[in-house]
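Derivation of every value follows stated rules applied to the coordinates shown; laboratory data play no part. Owing to the predicted nature of the structure, the values given are computational and were not obtained by experimental measurement. FYI the Cβ positions are ideal-geometry reconstructions off the backbone, even for glycines, and counts take in every protein chain you see.
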Amino acid sequence: MYSKNAWKKYEQDNKLKELMDFNNDYKDFISKSKTERECVSYAISLCQKYGFKDLSQYKSLKKGDKVYTTNKNRNICAFVIGERPIEEGINILGAHIDSPRIDLKQNPLYETTDLALLDTHYYGGIVKYQWVAHPLALHGVIYKKDGTFINLNIGENENDPVLCITDLLPHLAYDKNAKPANKVIEGEDLDVTLGHMPLKGEEKDAVKKNILKILKDNYNLDEEDFISAEIEIVPAGNARDLGLDRSMILGYGHDDRVCAYTSLRAVLDNGESKYTTCAFLVDKEEIGSVGATGAHSKWFENVIAELINLTTDYSDLKLRHALTNSRMLSSDVSAAVDPLYQGVFESKNAAYLGKGICFNKYTGARGKSGCNDADPQYIAKIRAIMDDNDIHYQTAELGKVDVGGGGTIAYILGNYNMEVIDAGIAVLSMHAPNEVVSKVDVYEAYLAYKAFIKNID
């Protein structure tokens with residue numbers, strides 16, 4: 001159903017319970033998956049629960065086989081092998097699992113004014129002034145020279161200490177507050193306060209040395225080990241129900257883990273289909289989809305080649321056919337109309353909370369720069385699937401034409417000549433430390449993804 005309030009569909013208690021139960025599962029995922037590695041780890045556990053096996057365990061594949069494979073612990077693909085040959089295309093749900101955050105520099109630890117701090121470098125399009133004076137957690141992995149690694153997760157347990165980035169009191173902030181919003185907090189001022197107690201018997205850098213002792217005693221971590229570390233600073237605490245009616249979820253990383261979870265669940269719950277189905281969870285979207293784990297990487301293409309090799313006689317032509325014939329939803333979020341900032345949206349072509357999954361024919365910036373621009377015949381097929389399955393959906397653009405814009409992974413997969421359109425969930429406060437989604441949109445997106453992979457051809 002196009003552009004209608006989706007809550008009316010759930011007036012029956014049993015349907016509402018299904019919706020709420022699904023969102024409780026999603027809250028668990030997003031609370032425990034604040035980094036790409038944590039997302040992949042959670043996804044592996046979920047796949048195994050559904051009977052999926054690692055691709056490396058197979059010497060051949062047949063209809064109904066359920067497999068997953070990972071890349072550098074930062075990407076995961078889950079497949080259910082379909083009736084038709086891979087060459088005829090795959091029905092793909094692709095989402096990214098990275099979110100805007102703050103990373104540590106490689107030489108981060110220092111002491112000044114009797115405080116130990118961590119030097120940082122923000123990742124993606126954060127609003128810098130939003131990250132100060134909030135409880136923060138430290139998540140990551142450190143690889144030592146002997147090949148062993150250390151997992152860090154500090155600040156999530158109720159008994160854990162938290163970190164923070166301090167801010168200047170308003171009484172002394174006249175000059176600071178006169179700056180433009182993007183300059184109120186500079187990137188080099190996003191350093192994280194780590195400690196204040198000096199190490200007994202030390203004079204120089206005694207606080208820093210105490211922190212290093214704590215890290216050594218608890219994690220066998222030396223200062224030089226930061227060189228081979230991947231540590232992220234994220235908001236501390238679990239996702240929470242928002243609103244007295246518990247209709248929304250407030251949490252870190254909805255962009256784009258809400259689409260990642262619903263896409264993965266759609267593939268896991270759907271079972272067998274005519275065509276092979278795929279959930280493709282990818283990294284680095286927030287910084288251009290680059291590198292070995294971004295959508296521009298050849299990894300996904302290589303995985304499809306492996307599937308072909310395990311189902312039939314491999315040829316490069318079959319691989320090209322498989323990619324060209326595939327059909328994809330680039331599962332990414334849309335900016336919801338904020339009642340406090342309605343002026344940046346064009347109301348007839350904007351996403352709203354509570355109206356179901358949102359389709360974006362094109363994203364990009366201003367004159368459609370960097371967009372995918374999906375084919376209308378493909379959109380017509382999707383409309384039919386949504387209506388036939390009683391799915392609530394809407395269409396949108398990212399704000400007024402000249403206001404701004406943004407991109408997704410859609411155009412990258414479109415480079416293979418496959419059919420792709422952006423389809424995701426409306427979000428308030430996008431890229432803030434805590435974002436907002438509607439529970440009904442989360443569930444409708446899940447139903448939409450299931451309907452798509454089962455019926456599109």
Quiz item: With Cβ to Cβ distances under 15 Å as the rule, what net charge do the other residues near Tyr174 carry (K, R +1; D, E -1)?
Solution: +1
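Where does each of Phe149, Phe29, Phe280 land when they are ranked from fewest to most other beta-carbon atoms within 10 angstrom? Show your work: numbers first, answer last.
Details: Phe149 13, Phe29 22, Phe280 28.
Fewest-to-most ranking of Phe149, Phe29, Phe280: Phe149, Phe29, Phe280.
For His139, His196, what ranking results if the residue with the fewest other Cβ atoms within 10 Å of its Cβ goes first?
Listing His139, His196 from fewest to most nearby Cβ atoms yields His196, His139.
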Quiz prompt | Net charge, Ile142 excluded, C-beta distance under 10 Å - Lys, Arg +1, Asp, Glu -1 | solution = -2
Exercise. Assuming a ≥ b ≥ c are the square roots of the Cα gyration tensor eigenvalues, decide whether segment 1-149 counts as rounded (a/c under 1.5), prolate (otherwise, with a/b larger than b/c) or oblate.
Key: oblate
Quiz item: Relative to the present Cα-Cα distance, how much length would full extension add between Asn151 and Lys15 at 0.36 nm per residue of separation?
Solution: 45.0 nm
Quiz prompt | Shape call, segment 1-54: gyration tensor on alpha carbons, a/c limit 1.5 | solution = prolate
Practice problem: Identify all aspartates and glutamates with a Cα-Cα distance to Lys381 below 14 Å; exclude those on the same chain that are fewer than 8 residues away in sequence. | Solution: Glu419, Asp457
Quiz prompt | Residue-averaged 222 nm ellipticity for the chain, from DSSP H runs of 4+ at -39500 (n - 2.57), nearest 500 | solution = -9000 deg cm²/dmol
Quiz item: What is segment 1-101's relative contact order, in percent, from Cα pairs under 8 angstrom and six or more apart in sequence?
Solution: 21 percent
Practice problem: Excluding Pro433 itself, calculate the net charge of residues whose Cβ lies under 12 Å from the Cβ of Pro433, where each Lys or Arg counts +1 and each Asp or Glu counts -1. | Solution: +1
Practice problem: Neighbouring Cβ atoms within 10 Å as the yardstick, rank Leu212, Leu194 fewest first. | Solution: Leu212, Leu194
Quiz item: In segment 339-377, which residues have a backbone nitrogen under 15 Å from the label point lying 7 Å from Asp402's Cα in the Cα-to-Cβ direction?
Solution: 344-346, 366-368
Quiz item: Going down the table (Lys34/Lys213; Lys53/Lys105; Lys32/Lys298), which pairs top 31 Å between alpha carbons?
Solution: Lys53/Lys105
Self-check item: Separation of alpha-carbon centers, segment 391-410 and segment 286-314, rounded to whole Å
Solution: 27 Å
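Only bridges with both residues in the chain count here: give the DSSP antiparallel percent, nearest 5.
70 percent
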Quiz item: For segment 256-389, what relative contact order do you get, as a whole percent, if you take Cα pairs closer than 8 Å and at least 6 residues apart?
Solution: 13 percent
Self-check item: Computed lengthening from Val162 to Arg240, 0.36 nm per intervening residue step minus Cα-Cα distance
Solution: 26.3 nm
Quiz item: What's the extension gain from Glu223 to Lys4 if we count 0.36 nm per residue and subtract their Cα-Cα distance?
Solution: 73.3 nm
